[in-house]
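Here's the structure we're looking at; comments come further down.
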């Protein structure tokens, strides 16, 4: 039986650092232990591959010049010609990601990891002006690498934007000198307070952090203003306090909330506003498809609708 050929997919706009990342992976990390490799290049960036050094590492380079040519037939032709044991695809940032994700790859080729590179200097501009194209590069990524960062990079804003698109992605911040920025991200609230009081501005940040790092909130108490999600179809003893959140534009508004167990939930009108103080307990919940933060109310009070009903990730 022929062994699987691992395929590593690199996405991101031109000049976002894909070529440099691929070379760094191969040269500095002794990736693949000398296995025969192939780079499929789908665009020409400012950085060119060191072909001779790649050959010395048993890596060859070929190209696919247009999206229409990124086909099952073309990939099979490449597989037959080069017979690689590992494949690195440097994908074109202007092509639809579905072309590669949904493609019928050659037999035994398996995409094992997708890495997206992002230029920290242009990220917010692209998110504001070319959001759909940017989302395509990030939505299925396993790892998102922000390069060219510095001490002034707003890592929290970047993280919130990425997590609103792709919650499972691991995020890495790489400085201009190639070192990794491993400083812990600061939260805008006191995690050690007896009761963590969340402002409207803090809610989306807390939501993302609590869903991703739920263990550190176990048995913590929180207080926030929430919109009640409690339609008739919801199971008795359950309601969802949350907020409508907007990432970038009005088309991206979505409701984000937590499962809350409360035996008086029938007293809470659907779409009413409350101030809730609750204890967080980490439990299995089918709504989360695993373990996650479940709220147990300590107190619930009627509240006024806030001036701005939305909360924001950025």
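The values are calculated or read from the model by the stated rules, or taken from the named source; none is laboratory data. Note that the coordinates shown come from a computational prediction; the quantities given were computed from them, not determined experimentally. Please note: Cβ atoms are built from the backbone with ideal geometry, for glycine as well, and neighbour counts cover all protein chains shown.
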With the requirement that a residue be free of Cβ contacts under 8 Å to residues at least 40 places away in the same chain and part of a strand (DSSP E or B), what does the stretch 258-282 give you?
260, 261
Could you say whether any residue in the stretch 214-222 is part of a strand (DSSP E or B) and under 26 Å from the mean Cα position of the chain (by Cα)?
yes
Residue list for the stretch 93-116, restricted to those being assigned to a loop (DSSP other than H, G, I, E, B), touching a residue at least 60 places away in the same chain (Cβ under 8 Å) and buried (at least 16 other Cβ atoms within 10 Å of the Cβ)
93, 97, 105, 106
Kindly evaluate residue 161 against the criterion of being in contact (Cβ under 8 Å) with a residue 60 or more places away in the chain, assigned by TED's automatic domain parsing to the domain that holds residue 79 and surrounded by 18 or more Cβ atoms within 10 Å (Cβ to Cβ).
yes
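The rows are residues; the columns are (1) surrounded by fewer than 21 Cβ atoms within 10 Å (Cβ to Cβ); (2) touching a strand residue (DSSP E or B) at 6+ places or on another chain (Cβ under 7 Å); (3) over 18 Å from residue 255 (Cα atoms); (4) modelled with pLDDT under 95.
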{"residue": "189", "(1), (2), (3), (4)": "yes, yes, yes, yes"}
{"residue": "202", "(1), (2), (3), (4)": "yes, no, no, yes"}
{"residue": "235", "(1), (2), (3), (4)": "yes, no, yes, yes"}
{"residue": "240", "(1), (2), (3), (4)": "yes, yes, no, no"}
Considering 277, 247, which residue is at pLDDT below 95 and not assigned by TED's automatic domain parsing to the domain that holds residue 133?
247
Quick one: residue 96 ticks every box in (1) more than 22 Å from the chain's Cα centre (by Cα); (2) at negative phi except a single one, so which number is it?
(1)
Does any residue of the stretch 48-68 turn out to be in contact (Cβ under 8 Å) with a residue 24 or more places away in the chain, in the same structural domain as residue 146 (by TED's automatic domain parsing), in a loop (DSSP other than H, G, I, E, B) and under 30 Å from residue 252 (Cβ atoms)?
no
Those residues of the stretch 44-72 which are closer than 21 Å to residue 113 by Cβ and touching a strand residue (DSSP E or B) at 6+ places or on another chain (Cβ under 7 Å), in sequence order
49, 54, 58, 59, 60, 61, 62, 64
Just checking, which of 178, 237 is more than 17 Å from residue 306 (Cβ to Cβ) and more than 24 Å from the chain's Cα centre (by Cα)?
237
Given 73, 24, 90, 43, which one is loosely packed, with under 13 Cβ neighbours inside 10 Å, assigned by TED's automatic domain parsing to the domain that holds residue 134 and within 28 Å of residue 139 (Cα to Cα)?
73
Mind checking which residues of the stretch 117-147 are surrounded by fewer than 17 Cβ atoms within 10 Å (Cβ to Cβ) and outside any helix (DSSP H, G or I)?
121, 122, 130, 139, 142, 143
